[in-house]
Amino acid sequence: MKRVHVLVRGVVQGVGFRAFVRRHARKLGVKASLKTYPMASR
């Protein structure tokens, strides 16, 4: 099994972003976890 770490930065402007990513990951057979980090500054 291959393991990849991906960090995506940016401002998410939708409350359904986690659900969107989870749904598409499952469709692709990807096991993933999401974590939200507090923004240091804008």
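What the table below lists for this structure:
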| item | result |
| --- | --- |
| Estimated inter-spin distance, V15 and K2, nm [label 7 Å along Cα→Cβ] | 3.7 |
| In degrees, nearest ten, helix 17-28 long axis to first principal axis of the chain (Cα) | 20 |
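Computed from the coordinates by the stated procedures, all read-outs in this text should not be read as laboratory data. These numbers come from a predicted model, not from an experiment. In this analysis, Cβ positions are derived from the backbone assuming ideal geometry, glycine residues included, and neighbour counts consider all displayed protein chains.
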